[in-house]
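*Asks:* This structure is in structure tokens; I'll ask about it shortly.
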């Protein structure tokens, strides 16, 4: 297997394929009762951000079916080999992925739940030419550490040993991180993909060039035949949030005044902003037609 062993490919597969495909009717916030929220207790307390993905919902979406051929072009070649040699169909067998980590990416913990078990996974590692010993999986020199927390759920990390993965959750989890849980309560963890976390310094600097600098962000994406997005930017004060809302409104007004705006009128008209305490919340909807237009623009040579 090329650079990434089986289990890392498993964990990251959904993120590769999810670019155009999610599936829930409403991207509203506040429920925090999605399947992925139950896995928060498995992630380290000191995480600076969390990402949740429901691959089970993604593969059922209308947009997945519409873009399936393009998605498959980006799937690693090892996926077919894993299916033929191990009987594990990553596209069908992964259900939920939740990732928690900070700037030290090697110590990130990836929680994966799916239609497989420890014996099947470890047997597959061996069939793929690797070794499996006490939760340490090695394929072509690449090491992934694993700690199984249930019949169908495994925690993975490149930098934390199996014992340290277990100890990290035992010492306190994301559910004990008041800052992250405050952000999570603002989104719907039943959306197909969602994320919360601190704004990295580099990104904050770029955003600061356009106005006030947010310190945290939350977002959720839901797609059936269209994409519904909700993004929240959290500032130090409600005044900063109000200033940002005004700046976004001015930007939208300028965009709508451009000649090419007629092609994206529905998209631009769907964008709304509101101030919620110290956060400005932006909502938008992209139809399948507009998504195709945006894709065509992205593929145009410059």
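The values are calculated or read from the model by the stated rules, or taken from the named source; none is laboratory data. All figures in this text were calculated on a predicted structure; none of them were measured in a lab. Ideal geometry is used to build each Cβ from the backbone, glycine not excepted, and the neighbour counts take in all protein chains shown.
*Asks:* Of the conditions (1) touching a strand residue (DSSP E or B) at 6+ places or on another chain (Cβ under 7 Å); (2) loosely packed, with under 15 Cβ neighbours inside 10 Å; (3) not in a loop (DSSP other than H, G, I, E, B), residue 129 clears all except one; give me its number.
*Replies:* Here residue 129 clears every test but (3).
*Asks:* Here's another thing I want to ask about it. Scan segment 113-126 for residues that are farther than 19 Å from residue 55 by Cβ and either part of a strand (DSSP E or B) or in contact (Cβ under 8 Å) with a residue 12 or more places away in the chain (or both) and jot them down.
*Replies:* The answer is 118, 122, 123, 125.
*Asks:* Say we look at segment 204-226 and pick out the residues that are part of a loop (DSSP other than H, G, I, E, B) and surrounded by fewer than 22 Cβ atoms within 10 Å (Cβ to Cβ); which of these is modelled with the highest pLDDT?
*Replies:* Among them, the one singled out is 215.
*Asks:* Further, regarding this structure: Quick check, is residue 110 at pLDDT 90 or above and either surrounded by 14 or more Cβ atoms within 10 Å (Cβ to Cβ) or in a loop (DSSP other than H, G, I, E, B) (or both)?
*Replies:* Answer is yes for this residue.
*Asks:* If residue 36 satisfies all but one of (1) modelled with pLDDT under 80; (2) in a loop (DSSP other than H, G, I, E, B), what's the number of the condition it fails?
*Replies:* Condition (2) is where residue 36 drops out.
*Asks:* Within segment 50-91, considering only helices (runs of 4 or more DSSP H) that don't extend past its boundaries, which have at least 3 residues that are surrounded by fewer than 17 Cβ atoms within 10 Å (Cβ to Cβ) and not assigned by TED's automatic domain parsing to the domain that holds residue 289?
*Replies:* The qualifying helices (runs of 4 or more DSSP H) are 62-66, 68-73, 78-86.
*Asks:* Then there's this: Please verify whether segment 144-157 includes one or more residues that are under 16 Å from residue 47 (Cα atoms) and free of Cβ contacts under 8 Å to residues at least 60 places away in the same chain.
*Replies:* Checking segment 144-157: at least one residue is under 16 Å from residue 47 (Cα atoms) and free of Cβ contacts under 8 Å to residues at least 60 places away in the same chain.
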